[in-house]
Amino acid sequence: MSIADCVNVSSGLFYLVEEDFTGNTIEPLRIIRSHDSGNHYESFLGTSVGTQFPLIATARQKGARHSYAMLCERDGALLPYRAESHEYQHKIDPRVFIKGYTNYSREGISGQSNLNNWVSHYYSDENFWVVQTGDGTNRIYQTLFKLSHHARQEVYVPTEEIYLLTEEQMPNGMKRHFHYNLKGTKPRLSKVETLNRVGKKINEINLNYSHALCMMPIS
């Protein structure tokens with residue numbers, strides 16, 4: 001239950017989801033911005049603000065029996081994945097389903113995909129992740145970035161090394177490529193482009209940064 005569709009009555013937390021941009025091409029690109037006062041994750045848009053793009057996967061952490069990793073469903077929403085320590089195929093940690101997942105901001109987990117069917121594969125030889133979602137989309141995390149201790153606290157990840165989403169392969173055969181500005185202490189999304197089945201670019205958005213501002217030029 002919420003007040004004015006943006007304040008959770010049980011926690012008092014403020015949340016808001018806005019669609020800032022929608023393109024007018026086939027397979028249009030969108031920017032959906034969410035603000036969650038209870039989440040202090042810092043994205044390329046700022047603290048407690050993010051988009052629908054699932055940009056980050058962490059490095060594997062090995063335990064005695066299992067290995068773990070955190071992979072994004074959207075900015076600021078990291079889900080734990082688990083595998084037997086000797087395996088490279090990870091599934092969402094079953095404890096998530098036991099304890100439950102509450103979606104306060106409405107822009108989180110999509111109801112159209114069954115999380116039980118989501119699988120992530122870590123390819124150790126090439127050092128990258130592939131996440132297969134419930135609707136058949138493949139997400140490839142291949143760009144490696146090393147965070148400082150301070151940046152890790154801002155991004156809320158347990159590992160120094162993170163993998164950035166570089167490509168989404170959609171069930172209809174189209175692909176979406178993600179590019180980043182890697183010059184600062186944290187990676188910042190700089191371009192998203194969509195390619196059709198034969199590799200021709202059909203749309204793109206570019207993001208520019210100036211001090212604390214993130215701007216998207218419109219032509």
Test result for PHE21, assigned to a loop (DSSP other than H, G, I, E, B) and surrounded by 12 or more Cβ atoms within 10 Å (Cβ to Cβ): no
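Could you tell me whether PHE145 is within 25 Å of TYR81 (Cα to Cα), over 14 Å from the mean Cα position of the chain (by Cα), assigned to a strand (DSSP E or B) and of a type in the set (A, V, I, L, M, F, W, C)?
Details: within 25 Å of TYR81 (Cα to Cα): yes; over 14 Å from the mean Cα position of the chain (by Cα): yes; assigned to a strand (DSSP E or B): yes; of a type in the set (A, V, I, L, M, F, W, C): yes.
Yes: the conditions hold for PHE145.
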Selection within the range 29-73 - on the phi > 0 side of the Ramachandran plot and touching a Phe, Trp or Tyr at 6+ places or on another chain (Cβ under 8 Å): SER48
Residue tally, condition in a loop (DSSP other than H, G, I, E, B), surrounded by 12 or more Cβ atoms within 10 Å (Cβ to Cβ) and either at pLDDT 90 or above or β-branched (Val, Ile, Thr) (or both), over the range 109-133: 3
Long-range neighbours under 7 Å by Cβ, at least six apart or interchain, first residue more than 23 Å from ASN117 (Cβ to Cβ) within the range 138-152, second surrounded by 13 or more Cβ atoms within 10 Å (Cβ to Cβ) and acidic (Asp, Glu): LEU144/GLU161; LYS146/GLU160; LYS146/GLU161; LEU147/GLU160; ARG152/GLU160
Count of residues meeting criterion [closer than 28 Å to GLU19 by Cα and either of a type in the set (Asp, Glu) or at pLDDT 90 or above (or both)] in the range 53-73: 9
Flag if THR137 is at pLDDT 80 or above and buried (at least 18 other Cβ atoms within 10 Å of the Cβ): no
Inter-residue pairs, beta-carbon under 9 Å, first free of Cβ contacts under 8 Å to residues at least 40 places away in the same chain and surrounded by fewer than 21 Cβ atoms within 10 Å (Cβ to Cβ) and in the range 40-64, second of a type in the set (Asp, Glu) and assigned to a strand (DSSP E or B), 6+ apart: SER48/ASP36; SER48/GLU42; VAL49/ASP36; VAL49/GLU42
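The values are calculated or read from the model by the stated rules, or taken from the named source; none is laboratory data. Everything numeric in this text was worked out from a predicted model, so none of it was measured. Note: ideal-geometry Cβ built from the backbone for every residue, glycine included; neighbour counts use all protein chains shown.
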